[in-house]
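The structure appears right after this line, and notes come after that.
The values are calculated or read from the model by the stated rules, or taken from the named source; none is laboratory data. Here the structure is a predicted model, which is why all the values come from computation and not from measurement. Here Cβ is always computed from backbone atoms with ideal geometry, including for glycine, and neighbour counts include all displayed protein chains. Note: areas computed on protein heavy atoms with side chains; ligands, DNA, RNA excluded. Shrake-Rupley method; radii C 1.70, N 1.55, O 1.52, S 1.80 Å.
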Amino acid sequence: MRVAFCFDLDGTLTEEEILPQIAKHVDLYEEIELLTKITMRGLITFSKSFKLRVRLLSTIPIPTVKHTVNSILVNKPLQEFVQKNKADCFIVTGNLDVWVDEFIGREYGCAYFSSRAKVEGEKLIDIEKILDKQEAIHALRSTYDIIIAVGDGMNDCTMLEQADIGIAYGGVHEPVSTLINIADYVCYDGQALAVLLESLKQKHGREN
Amino acid sequence: MAGKIDTVVICAAGLGSRLGLDMPKCLVEIGGHPLIYYLLNVLYDVPNIRMVVGFKEDLVMECVRKIRKDVVFVRNPAYTSTTNSYSLYLGSHDLQVPFLNIDGDMYISRENYEKFVDKVKLDEDLIGVTLSYTEDAVNVLLDSENRAIGFSREKISNYEWTGIAYLANIKIRKEGLYVYQELEPYLPIQSQEISCFEIDTPQDLEYLSNKIGHL
């Protein structure tokens, strides 16, 4: 059987949340971090919070944002797993394509689903589309028999609900309890998660 | 030699209603620590530990993470209507490697754990047996070479199964009812006598509290 792996990016594949790091350029680190936290907890919808956060960060030139994103710390065991299986790994992020494209290409080399930005030159004008993460699962359905999804926040819930196997991963934050309640596995260590993913790949990859 | 165990699956999803405490058995405090603390310490050199959780899973996960961060939790949300065998299936069905199965309410010393592991051959199944001490035990009939040749709820021998098993060839099925019944088709299975203790009743708890208190 063909097995696909879908990963949230911020705080799952990366060891720090990306937007608060970007916010340092406009001296809004604490504010954006707070917004990111309450969004993860589901106290504000992802789309409202994301619009607000992007609006606050939109004055920063795109190359500056890219530069910051490129220095984000990544979880090494998970990076190795994705690089080794990049044809069947997909990053599913609410983050903006213009901000993370280069980073994903360089660090992971796999395909991704993301929110889309409207840009003019080096300036971010608006958000064109905010990703609902279940769309990624629907898009992969016809190609894959088994879809495994890994995430930590409230906006990962639709992705885990639609996937065949769900993993709540608390690498940076405690996964939100709603996500744990729909997950099959809960894991807090990147190396242990990589071992689990390899085992699931072997098991389902061998089935007919 | 204990380093030859790569993966352990600990089942800790059940209610443990016979103990009569409103908490999972593995969290019961003995000698100043939750019971699971002792088991995880004994398993310190095992690289991969999985734990099947159900009843009060959030409390179990919170406690276990403080002891060891890299435990992978397997959820059994149907813990009230399923058996230990189903939990073990959930915890092991994807594993491509032999693994050691042990219950979360088990107390075993490192010395006895090593005694069992020393007997492990990587491609052979092995079960841990102990001299009978509980009333509703799964009794094990052994042949002259200490191979298990039969399981029964009846008192067919002086040995009972501890619930500890090294499963190299045996696969636990989804529809199984009791773990010993899942092992039956694979008999004879080599056994190793060990001393260990399971907390099922208030009497068990009192006995172990005294024992650990004197260590």
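Descriptive notes on the structure:
- Residue list for segment A:1-59, restricted to those being assigned to a loop (DSSP other than H, G, I, E, B) and crowded, with 20+ Cβ neighbours inside 10 Å: A:D8, A:E17
- Index of the failed condition, A:I146 passing every other in (1) open to solvent by 10 Å² or more (accessible area, probe 1.4 Å); (2) in contact with a Ser or Thr (Cβ under 9 Å, 6 or more places away or on another chain): (2)
- Highlighted here are the helices (runs of 4 or more DSSP H) found entirely within segment B:29-133 that include at least 1 residues which are open to solvent by 30 Å² or more (accessible area, probe 1.4 Å), within 14 Å of chain A (Cβ to nearest Cβ) and modelled with pLDDT of 95 or more: B:57-67, B:84-92.
- Test: residue in segment A:71-85 that is touching a helix residue (DSSP H, G or I) at 6+ places or on another chain (Cβ under 9 Å) and modelled with pLDDT under 95: yes
- Search result, residues across segment A:131-175 that are among the aliphatic types (A, V, I, L, M), more than 20 Å from A:L196 (Cα to Cα) and modelled with pLDDT of 95 or more: A:L131, A:A136, A:I137, A:A139, A:L140
- The criterion of at least 2 residues that are away from chain B (no Cβ under 11 Å) is met by the following strands (runs of 3 or more DSSP E) wholly inside segment A:116-208: A:123-129, A:146-151.
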